[in-house]
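Chemist: Just passing along the structure, written as structure tokens.
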Amino acid sequence: LCDNSPASSDTKQDICSTLERLGYGRDEIERAFAADYSDYTATLFKGRPSSAGVEGYVWGETYYVSPDATVEQILRRSFDEYLKQIRAHDLEAKFQQQGLTLFQGITLASIVQREVSCHGTGVCRDQKQVAQVFLRRMREGMQLGSDVTFIYAATQDGKAPTVNYDSPYNTRVHTGLPPGPISNPGLGALMAVAEPAEGDYLYFVSGDDGTTHFSHTEEEHVAATKQYCIKNCELPE
């Protein structure tokens, strides 16, 4: 929730920085993140480990709140809106059809959200296809291999991201889902996981032009990466 990278807080888009720009202090923000939200345990937070925070559960929306609203009140309002969306779109049942719990579905959607940005609030084709790739890799016991997971892990620690960054969130190193969400997914990413695209792709790469290129084999993926991803794929080992 808090971007601890050295970038200016004026440009960061994480929830913590956004709240700070609204005038809330870091101490109050962190207390609100760690507050007791056990009344959501059987609904929104169903299946969420007690060690997990509220990352992934802040619904992105424009909220009109009173000037004296606390951070906890703002978070609770977003939780309530999130729960409405889950129920309206029957997300828990649709995640189960993909072999995922509600918590796992939200976690995977958070990765899809960071991998593919889509304009507007609808579901875009690339998000649905990326969800298909990840779900197939999970079913086949492969690592998700998502770069955004080690970038998230390093950013949270205020470190430079590397492919082999030592963190349980790094799906280039560890098999399966990370311990929890790495972003707050929008409806498009959630629906992409709930209703993934048809296909049997195993790889994808985001090209420098913003186009996502999908492949069936590692050989095809390596070729696509060399052809389309020059700048975006320049990451330290």
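The values are calculated or read from the model by the stated rules, or taken from the named source; none is laboratory data. Here the structure is a predicted model, which is why all the values come from computation and not from measurement. Please note: Cβ atoms are built from the backbone with ideal geometry, for glycine as well, and neighbour counts cover all protein chains shown. We work out accessible area using only protein heavy atoms, side chains counted, and drop any ligands, DNA or RNA first. Shrake-Rupley method; radii C 1.70, N 1.55, O 1.52, S 1.80 Å.
Chemist: With the requirement that a residue be part of a loop (DSSP other than H, G, I, E, B), over 13 Å from Arg114 (Cβ atoms) and not aromatic (Phe, Trp, Tyr), what does segment 178-205 give you?
Modeler: Across segment 178-205, the qualifying residues are Pro179, Gly180, Glu195, Pro196, Ala197, Glu198, Gly199, Asp200, Leu202.
Chemist: Which one is most open to solvent (accessible area, probe 1.4 Å) among residues in segment 221-234 that are part of a loop (DSSP other than H, G, I, E, B) and closer than 22 Å to Gln132 by Cβ?
Modeler: Checking each candidate, the answer is Asn232.
Chemist: Something else: Mind listing whichever residues of segment 206-220 are open to solvent by less than 40 Å² (accessible area, probe 1.4 Å) and assigned to a loop (DSSP other than H, G, I, E, B)?
Modeler: Listed by number, the list holds a single entry, Gly207.
Chemist: So which residues in segment 51-60 are open to solvent by 30 Å² or more (accessible area, probe 1.4 Å) and under 15 Å from Pro178 (Cα atoms), if there are any at all?
Modeler: If the condition is that a residue be open to solvent by 30 Å² or more (accessible area, probe 1.4 Å) and under 15 Å from Pro178 (Cα atoms), then Ser51, Gly53 are the ones that fit.
Chemist: Would you check which residues across segment 143-172 are in contact (Cβ under 8 Å) with a residue 60 or more places away in the chain, touching a helix residue (DSSP H, G or I) at 6+ places or on another chain (Cβ under 9 Å) and more than 19 Å from Val116 (Cβ to Cβ) and list them?
Modeler: Correct list: Ala160, Thr162, Val163, Asn164.
Chemist: On to the next question. Given the residues Asp166, Asp126, Asp147, Asp157, which is the only one that is in contact with a strand residue (DSSP E or B) (Cβ under 6 Å, 6 or more places away or on another chain) and under 24 Å from Ile106 (Cα atoms)?
Modeler: Unique residue meeting the criteria: Asp126.
Chemist: Also: Of all residues in segment 53-69, how many are under 12 Å from Ile106 (Cα atoms) and touching a residue at least 60 places away in the same chain (Cβ under 8 Å)?
Modeler: 5
Chemist: So which of His174, His221, His213 is more than 16 Å from the chain's Cα centre (by Cα) and modelled with pLDDT of 95 or more?
Modeler: His174
Chemist: Which ones in segment 143-177 are in a loop (DSSP other than H, G, I, E, B), open to solvent by 20 Å² or more (accessible area, probe 1.4 Å), closer than 22 Å to Val54 by Cα and among the hydroxyl-bearing types (Ser, Thr, Tyr)?
Modeler: Tyr169
Chemist: Mind checking which pairs have a first residue in segment 201-222 that is in contact (Cβ under 8 Å) with a residue 40 or more places away in the chain and a second that is part of a loop (DSSP other than H, G, I, E, B) and basic (Lys, Arg), Cβ under 8 Å, 6 or more apart or different chains?
Modeler: If the second residue must be part of a loop (DSSP other than H, G, I, E, B) and basic (Lys, Arg), no pairs are left.
Chemist: If a residue counts only when it is among the β-branched types (Val, Ile, Thr) and touching a helix residue (DSSP H, G or I) at 6+ places or on another chain (Cβ under 6 Å), which helices (runs of 4 or more DSSP H) contained entirely in segment 62-137 have at least 1 such residues?
Modeler: Answer list for segment 62-137: 71-88, 102-115.
Chemist: Six or more apart or on different chains, Cβ atoms under 9 Å: show the pairs whose first residue is in segment 76-95 and without any contact (Cβ under 8 Å) to a residue 60 or more places away in the chain and whose second is among the basic types (Lys, Arg).
Modeler: From residues that are without any contact (Cβ under 8 Å) to a residue 60 or more places away in the chain, the pairs are Glu92/Lys46.
Chemist: If you don't mind, another one. If you scan segment 61-72, which residues turn out to be farther than 17 Å from Pro185 by Cα, open to solvent by 60 Å² or more (accessible area, probe 1.4 Å) and either at pLDDT 95 or above or under 22 Å from the mean Cα position of the chain (by Cα) (or both)?
Modeler: Correct list: Glu72 only.
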